[in-house]
Amino acid sequence: MSSSLCDACGLPPKPNQRLLNCTRCNSVKYHNSICQRKHYPQHKKICRQKAAEREKKRAAVTAAEAAEAEPLVECQSLTGKGRSLVAASALSVGCRPLAGIKKDINNKRETREDGLCAPIVPPTLIESMRTTRCTYCFQLIDRTNSSPTNVLHVHCSMECRNLDRFWKKEQIASMKLISSRKISSMPSPTVLMCCRILAASLTNPAVMAKYNELCHNEVDDNYANTEQGRVHLNIITQCHHLLLAMGDISAAKLAHDLIEPSPILAFQFISRLSMNGFSICNAEQKALGVGVYPTASMINHSCRPNAVQTFWLSGSSDHHYPPMLQITMCRDAKEGEEVTISYCDVSAPRHNRRKGLKTNYNFLCDCALCQDTERDDALIGLKCAGSCNGRVRSSSSGLLSIEHTWDENKQYHCEACGYSNFEDSLKAITKLMTRIETIEAKLKDDSVHDSIKYSKSMGQDLKQLFDLMSKSYCHPQTSWYVACSSDVFVHWCANALNHISDEDEQLNICHQALSVLEKSRNATKCCYDYEGDLTWLIKRGMEAKLRLFVNPVDFDAIRLVQGVRRDLMHYYPSTDEIISSLDETIRAYSYS
C-alpha cells in the first residue's frame, strides 16, 4: 500500500492532515486512533515482529565496538568479599554498568546501550515450565493439546530447535536411562546444567576456564557423609550416566574424574553452580529456569542494592536467543563505589533474608539494614495479643539460628501494655505462611491444571488466610506477612479473571481484590516501595488493570498503567511479556 494512504481504510489524508505512524513498529500509517484500532487485529502479529527486530538491532553491537568501549566497572578484590565489581566512573540511575563507554567524534563519553550478559551455556528450564515454555528462548508456547509425558524439551520454532545443540541427545539419553531404570524421572535442571558445562568445555576450553574462576565453598572429605554432600554426589553421578547415554565419552570421563579418586572436585563443581547460578525469572518474578552468567556473578549482594538484575527474552522476533541478563543501576553510584544486587527477597524481615543467604550462599549479611531492628520489628508487625493496639518491639537484636524460623534470641513485648507472650502468635504466623507458600507453589506450577488453580475454593482459602493474618496476628500497616498474603490473593484474582466467563463473578473477584489491596496498601508500600524494587511497579500496574476492569473510563488508572510502563522500560525491552500486556491494556481502554 502506498505510504500516502491509511493502512486501515486505504484513503489519503485529509487536507492539511498528516498520517500518523504506528509508534511501536513505525511501519504503517493511520488517520487516527480509530483507524489504528480497526486495523490492529490484522496488524498485531507483524507489529510485534517488526518491533522485536528493531529492539534486536538496537541492542546488538559488533565485536569492534565492544573492543573500543571502555568498561564502566572494574573488578577489584575487597576485604571480606573477594572479587567485586566497582564503578570505574560515576554511574547514574538507568545506566547499565556491564556495558562499555565509547567516545564520539568530539571525544565525548557516551554509554553503550546494551550491557547484556550472555550465559556460559544455554540455560535450562525448571521442571514445571518444560511443557509451556521453549527450552531454548524461554518464550511461552501455545499448547492447546495435552502435553505428552516425560517431556524434557519443547521448542517454539524450528529456528530454536536448530540452534539448540543439546536437546536431541539429552531427550534420547534421558528416555534410555528411564527405560533401563537407572533414573526414575527426567533429569533435573542442575544435572542438565552440569552436563552442558562439561560437554561445552571440550569444544570451547574457555567455558571451563571461566567456570573455574567462579567462587565456591571449601569442603573436606567428610562432606561426602552429610546429606547435602550425598545429594551433590548423586547429581554428578547422574550427570556421568547421562553423558554416557548421550555418547559423549570424553565429557563423561570429566564427570567421573570429579568423583574419583576424591569427591572434593565434585563438591566444588556443584558449589560453583549453586553459588553463582541465577534463577531466571520473568517480570512478575515467576521462576522459569537456571543459568550461569560469569560476569554478573562477580556482583555481590546487598539488602539495599544500587542495581537490579532482569532477564531479557527474545520476544516475538524471528531471531531467537537464550535468556540474556541485564544489570541496570537503580541508584546513583560514585566512582569507586561497589555495584551490588540482591540475592534474595530484601523486602522480607531479617530472619527470612539471612536464612536464605546462609542456605543458598553460605554467608550472613550484616549490612546496615540487617542491623536496623526497629524497621525489622515493623516488617514482622506483630499485633499485641492483649486488649491494646500498642507497638510490639523486640528486646534483643538476636542472631539467626538456621534451624529455626525466627531469631530465637529475640524477645517481643508490647510497648503499651507490656504483654510479652507471643510464642503462639509466632507459631500461628509460621503455619499460615506455610499454607500460603504451598498454594503459591501450586499456582506457579504450569503442570497443575487451571481448573484446580482457579477454583472457587482456592480463592476462598487465600482470602481467609489474608483475613487471619491481617486481623488476628499482624498489623496491616507495616507487616510483610500481610503484604505477602495480599500479594498471593491479588495475583490469584487477576489470573482467575481469564478463566471465569460469568461477568458478575468476575466483577465480584475484582472488588474483592481491590478491597484487599486497599487494606494492605500501607504494608505493601512499607515493604516494597524503594529504589529498584520492581515488585512495587508490578503491583501498581495490576491494581490499575483491576480498576479498569471495573470502570473502563477510570482515567487515573490509565495514566497509572502508562506510568508503570514508562518506569519498567528502564529495565525491560519493549517486547517483554509485561510490557506487551501493559501496551494492550493502554490500547484497549484508551479507546473507551
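Within the range 264-293, the set of residues being assigned to a loop (DSSP other than H, G, I, E, B) and buried (at least 19 other Cβ atoms within 10 Å of the Cβ) comprises Asn282, Ala283, Tyr293. Select the helices (runs of 4 or more DSSP H) contained entirely in the range 120-236, then report the ones holding at least 1 residues which are within 19 Å of Ser274 (Cβ to Cβ) and open to solvent by less than 70 Å² (accessible area, probe 1.4 Å). Where helices (runs of 4 or more DSSP H) fall fully within the range 120-236 and carry at least 1 residues being within 19 Å of Ser274 (Cβ to Cβ) and open to solvent by less than 70 Å² (accessible area, probe 1.4 Å), they are 189-203, 205-212. The test for being in a helix (DSSP H, G or I), farther than 22 Å from Gln477 by Cβ and open to solvent by less than 60 Å² (accessible area, probe 1.4 Å) does not hold for Gly336.
Please go through the range 352-382 and pick out each residue that is open to solvent by 40 Å² or more (accessible area, probe 1.4 Å), part of a loop (DSSP other than H, G, I, E, B) and of a type outside the set (D, E, K, R). Residues satisfying the conditions are Asn362, Phe363, Leu364, Ala368, Gln371.
So which residues in the range 559-587 are part of a helix (DSSP H, G or I), of a type in the set (S, T, N, Q) and within 22 Å of Cys281 (Cβ to Cβ), if there are any at all? Even if it seems obvious, please write down each step before you answer.
We begin by selecting, within the range 559-587, every residue part of a helix (DSSP H, G or I); these are 559-568, 577-587.
Subsequent filtering for residues that are of a type in the set (S, T, N, Q) retains 562, 580-581, 585.
Result: Ser580, Ser581, Thr585.
Is at least one residue of the range 7-26 modelled with pLDDT under 85 and either among the aromatic types (Phe, Trp, Tyr) or on the phi > 0 side of the Ramachandran plot (or both)? Yes, that holds for at least one residue.
Check the range 78-88 and report whether any residue there is open to solvent by less than 70 Å² (accessible area, probe 1.4 Å), assigned to a loop (DSSP other than H, G, I, E, B) and modelled with pLDDT of 85 or more. Yes, that holds for at least one residue.
Take Lys334 and tell me if it is within 25 Å of Gly532 (Cβ to Cβ) and among the basic types (Lys, Arg).
So Lys334 passes the test.
Just one of (1) touching a residue at least 40 places away in the same chain (Cβ under 8 Å); (2) closer than 25 Å to Thr430 by Cα fails for Lys525. It is (1).
Taken together, the residues in the range 550-568 that are without any contact (Cβ under 8 Å) to a residue 60 or more places away in the chain and either among the basic types (Lys, Arg) or open to solvent by less than 60 Å² (accessible area, probe 1.4 Å) (or both) amount to 13.
Name the residue, out of Ser470, Ser479, Ser501, that is among the hydroxyl-bearing types (Ser, Thr, Tyr) and either open to solvent by 60 Å² or more (accessible area, probe 1.4 Å) or under 19 Å from Ala441 (Cβ atoms) (or both).
Only one candidate passes the filter, namely Ser501.
Candidates are the residues of the range 242-263 that are small (Gly, Ala, Ser) and in a helix (DSSP H, G or I); the one that is most open to solvent (accessible area, probe 1.4 Å) is Ser250.
The rows are residues; the columns are (1) of a type in the set (Gly, Ala, Ser); (2) more than 25 Å from Val346 (Cβ to Cβ).
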| site | (1), (2) |
| --- | --- |
| Lys444 | no, no |
| Ser451 | yes, yes |
| Tyr454 | no, yes |
| Met458 | no, yes |
| Leu465 | no, no |
| Trp480 | no, no |
| Ser486 | yes, no |
| Phe489 | no, no |
| Asn498 | no, yes |
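The listed residues are Cys526, Cys493, and the only one of them that is within 17 Å of Pro349 (Cα to Cα), part of a helix (DSSP H, G or I) and touching a helix residue (DSSP H, G or I) at 6+ places or on another chain (Cβ under 8 Å) turns out to be Cys526. For beta carbons closer than 7 Å, sequence separation of 6+ or different chains, a first residue in the range 115-140 that is more than 22 Å from Val308 (Cβ to Cβ) and of a type in the set (Lys, Arg) and a second that is outside any loop (DSSP other than H, G, I, E, B) and open to solvent by 10 Å² or more (accessible area, probe 1.4 Å), the qualifying pairs are Arg133/Leu140.
The values are calculated or read from the model by the stated rules, or taken from the named source; none is laboratory data. Model, not experiment: these values are computed from the prediction. Methodologically, a virtual Cβ is constructed for each residue, glycine included, from the backbone with ideal geometry; neighbour enumeration extends over all protein chains shown. Just so you know, the surface numbers come from the protein's heavy atoms only, side chains and all, with ligands and any DNA or RNA stripped out. Shrake-Rupley method; radii C 1.70, N 1.55, O 1.52, S 1.80 Å.
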